[in-house]
1. Which members of region 24-37 meet the condition of being farther than 16 Å from Asp158 by Cβ and either small (Gly, Ala, Ser) or buried (at least 24 other Cβ atoms within 10 Å of the Cβ) (or both)?
2. Do any strands (runs of 3 or more DSSP E) entirely within region 262-314 hold 2 or more residues that are in contact (Cβ under 8 Å) with a residue 40 or more places away in the chain, over 22 Å from Arg84 (Cβ atoms) and not β-branched (Val, Ile, Thr), and if so, which?
3. What are the residue pairs meeting all of these: first residue in region 66-85, first residue touching a residue at least 40 places away in the same chain (Cβ under 8 Å) and under 22 Å from Leu317 (Cα atoms), second residue assigned to a helix (DSSP H, G or I) and not aromatic (Phe, Trp, Tyr), Cβ atoms under 8 Å, and 6 or more apart or on different chains?
4. Test Arg136 against the criterion of being among the basic types (Lys, Arg) and outside any strand (DSSP E or B), and give yes or no.
5. If you scan region 315-343, which residues turn out to be in a strand (DSSP E or B) and in contact with a Phe, Trp or Tyr (Cβ under 6 Å, 6 or more places away or on another chain)?
6. I'd like to check something: does region 7-20 contain any residue that is closer than 24 Å to Ala330 by Cα and either of a type outside the set (S, T, N, Q) or assigned to a strand (DSSP E or B) (or both)?
7. Restricting to region 43-82, what's the tally of residues that are aliphatic (A, V, I, L, M), within 15 Å of Gly12 (Cβ to Cβ) and either touching a His at 6+ places or on another chain (Cβ under 9 Å) or assigned to a helix (DSSP H, G or I) (or both)?
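Just so it is clear, none of the values below were taken in a lab; they were calculated from the coordinates. The shown structure was predicted, so the numbers you read here are calculated from the model rather than taken from an experiment. Reconstructed Cβ throughout: ideal geometry from the backbone, glycine too, with neighbour counts over all protein chains shown.
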Amino acid sequence: MPRPAAHREPFGVTPDGRAVDRWTLRSTTGVTAEILTYGGVLHALTVPDRAGHTRSVVLALPDLESYAAPNPYVGALVGRYANRIAGGRFTLDGQEHHVPANDHGHALHGGPEGFNSRVWQAEPVGDGADVRLTLRSPDGDMGFPGELTVTATYALDDRGTLSVTFEAVTDRPTVINLTHHAYFNLAGAGAGARAGAGVEAGSGPGSVLDHWLSVGADSYLPVSADAIPLGPAREVTGTPFDFTAPRRLGDGLATDDPQLEDADGYDHCWVLRPPEGPDGLRSAALLRDPASGRELQVWTTEPGLQVYTSNHLDGSLADAEGNRHERHGAICLETQHFPDSPNRPSYPTTVLRPGTAFRSRTEFRFPHLC
């Protein structure tokens, strides 16, 4: 008898005694997703290549202990506020709020105890390959006002598309910016980067330097040396941020540019073009690995895309098979609102008020399977 499209099994227990489950979603295309209730982590995303060989295309950690230890948000759901809030301060309706600084004097990804470190409640959705995660964030959590109830629904359809849909409501005015922090390597997570193999960081077959990327944006947000936006968006034409046509990542990273030097690579937000249809989805990115033939399309309702080329992975983390996570060993394509929006009235608002709902949807499509 075939296993159900959504299957739950124990994954471990946190040090304070909370049980964590792993949910496995299966598609008839051969795509399989594994989701943890700890941090809403996408623990695996197995995708066939053009020859039908399957491999997970997202970086992972080996066990619950590793996810609960400090790590760079590997596979996690991020909130309450993805990206950075300058100085950990913002003013809403005349009242200043403080979020603990955890990144060069700024608040990053919701502060030191963000949604990536919480145990979410999970339930299946119907009979399909869907699981809904729910989290309640109390008033004052990490300094944010209002009790916030968030759901994140992972769904895997019969085309092999994995979607992540966020919804949230609050009982007081607050700010919110949610994203998914998967680290993608379409060659196969950790390919060629087994511990002890001597792979040079950022240069071996385990890197994404040979991946080709295009981004649905004509401008991006330049940032200071500590990753805070400098002001208005800047056109990408004539810069290493021009991915309006597919471009090899390694060629872009090799460009001599102060923005890349300060960040040790790409860690910037692109301003996406407007939605193309009534569903509100816009084309955010296309990522392709020529060797395996795998392709990933990212579509989203969000206005921005943070591209991060794993600049600070250093081989100290590895997955269950011993594959080390090296510099440039993956790329994050984080759909979101803009960094520091609570302090930038000219940016799209991230304010959520009682009586309204926050909704966001991102789809990860694999067109080579069609």
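1. Matches in region 24-37: Ile35, Leu36.
2. Of the strands (runs of 3 or more DSSP E) lying wholly inside region 262-314, those with at least 2 residues that are in contact (Cβ under 8 Å) with a residue 40 or more places away in the chain, over 22 Å from Arg84 (Cβ atoms) and not β-branched (Val, Ile, Thr) span 282-288, 295-300.
3. Listed pairs, sorted by first residue: Ala68/Ser117; Tyr73/Asn116; Ala76/Asn116; Leu77/Asn116; Val78/Asn116.
4. So Arg136 does not fit the description; no.
5. Residues satisfying the conditions are Ile331, Cys332.
6. Scanning region 7-20, I find no residue that is closer than 24 Å to Ala330 by Cα and either of a type outside the set (S, T, N, Q) or assigned to a strand (DSSP E or B) (or both), so the answer is no.
7. Residues meeting the conditions: 4.
Here's the yes/no breakdown for (1) out of contact with any Ser or Thr (no Cβ under 9 Å at 6 or more places or on another chain); (2) of a type outside the set (Val, Ile, Thr); (3) crowded, with 18+ Cβ neighbours inside 10 Å:
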residue	(1), (2), (3)
Thr239	no, no, no
Arg248	yes, yes, no
Asp262	no, yes, no
Tyr266	no, yes, yes
Arg273	no, yes, no
